[in-house]
Amino acid sequence: MFKLYTTRNSGNGYKVRLLASLVGAPCEQVFLDFAAGEHKSPAYLKINPRGQVPAIEAEGRIIWDSTACLVYVARRYGGESWLPTDPLGMAEVAQWLALASNEIQFGLQAARGIVTMRRPGNLEECQARGRTALGVIEQRTADHPWLALGRPTIADIACQAYVEVAGDANIDMSAYPATQAWLKRIEGLPGWVSRVQ
Ligand SMILES: N[C@@H](CCC(=O)N[C@@H](CS)C(=O)NCC(=O)O)C(=O)O
């Protein structure tokens, strides 16, 4: 059992909850009140000094950042399946985790925040960065069912959370048919759960 600090709407928290469900890991969610700024409270900053969700508490330790949380859940509950340790397999997964933490986070997620939450930022720049990520995923999924390996891994889980809501960032997803088919494959995985809760 691990504790997941998240909010009801966090896409980054959703990644961890989805993987936990896919691998059958027991997970207790603790919802922070984002609107009240609980993620910046002194008590929560002791858990995640960045003042962000998600973070997890497991085996008496705290881990923050969605990528780190995915690594823990995959290795603790998923064995070699979701994050292998052979050099090439691990490196192939890592390159997609980098896409999720860079072009997807600062492109698709940021553009969505500007459009739907009126956050400050340059929408066109963020959309352009997001389209770079979508182009990379489209090229890969045109002839591979999964991003990194011949099976789903945390590469798919890390990237999908903000790709599936790219329309919220005013990005036309009809230009990315292979990506849409890949999203459907993720939805078809046993144990899949929706982001809405
Ligand atoms: N790189 C971080 C990004 C986390 C992130 O952006 N979380 C959002 C919610 S989805 C958040 O807490 N934002 C508040 C803030 O950055 O102040 C991760 O992957 O965990």
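Would it be correct to say that R75 is over 22 Å from A98 (Cα atoms) and either part of a loop (DSSP other than H, G, I, E, B) or of a type outside the set (V, I, T) (or both)?
No, not satisfied.
Check P120, P152, P145 and return the single one that is part of a loop (DSSP other than H, G, I, E, B), within 17 Å of the chain's Cα centre (by Cα) and either surrounded by fewer than 19 Cβ atoms within 10 Å (Cβ to Cβ) or not assigned by TED's automatic domain parsing to the domain that holds A68 (or both).
P152
With the condition kept exactly as written, say whether any residue in segment 50-66 is closer than 21 Å to C159 by Cβ, hydroxyl-bearing (S, T, Y) and outside the structural domain of I157 (by TED's automatic domain parsing).
yes
Return the residue satisfying two criteria in turn: it lies in segment 164-195 and is of a type in the set (D, E) and closer than 28 Å to A25 by Cα, and of such residues it is surrounded by the fewest Cβ atoms within 10 Å (Cβ to Cβ).
Selected residue: E187.
I'd like to verify a number: residues in segment 1-35 that are under 16 Å from the mean Cα position of the chain (by Cα), more than 15 Å from the ligand (Cβ to nearest atom) and more than 19 Å from L97 (Cα to Cα), how many?
Qualifying residue count for the region: 1.
Is there a residue being of a type in the set (D, E, K, R), at pLDDT 95 or above, more than 12 Å from the ligand (Cβ to nearest atom) and surrounded by 13 or more Cβ atoms within 10 Å (Cβ to Cβ) anywhere in segment 65-72?
No, that holds for no residue.
Just the residues that are surrounded by fewer than 19 Cβ atoms within 10 Å (Cβ to Cβ) and either within 12 Å of the ligand (Cβ to nearest atom) or in contact (Cβ under 8 Å) with a residue 24 or more places away in the chain (or both), please, taken from segment 73-86.
R76, Y77, S81
Of all residues in segment 155-197 being aromatic (F, W, Y) and either outside the structural domain of G107 (by TED's automatic domain parsing) or assigned to a helix (DSSP H, G or I) (or both), which is nearest to the chain's Cα centre (by Cα)?
Per the criteria, the residue is Y162.
Inspect segment 93-107 for any residue being more than 16 Å from the chain's Cα centre (by Cα) and either in a helix (DSSP H, G or I) or farther than 24 Å from Y72 by Cβ (or both) and give the result as yes or no.
no
Hey, does segment 88-102 have a residue that's modelled with pLDDT under 95 and surrounded by fewer than 22 Cβ atoms within 10 Å (Cβ to Cβ)?
For segment 88-102, residues modelled with pLDDT under 95 and surrounded by fewer than 22 Cβ atoms within 10 Å (Cβ to Cβ): absent.
Out of all the residues in segment 178-190, is one or more farther than 15 Å from V23 by Cβ, at pLDDT 95 or above and in contact with a Gly (Cβ under 9 Å, 6 or more places away or on another chain)?
no
The values are calculated or read from the model by the stated rules, or taken from the named source; none is laboratory data. Fair warning: this is a prediction, and the values are worked out from it, not measured in the lab. Cβ sites come from the backbone with ideal geometry, for glycine too, and all protein chains shown count toward neighbours.
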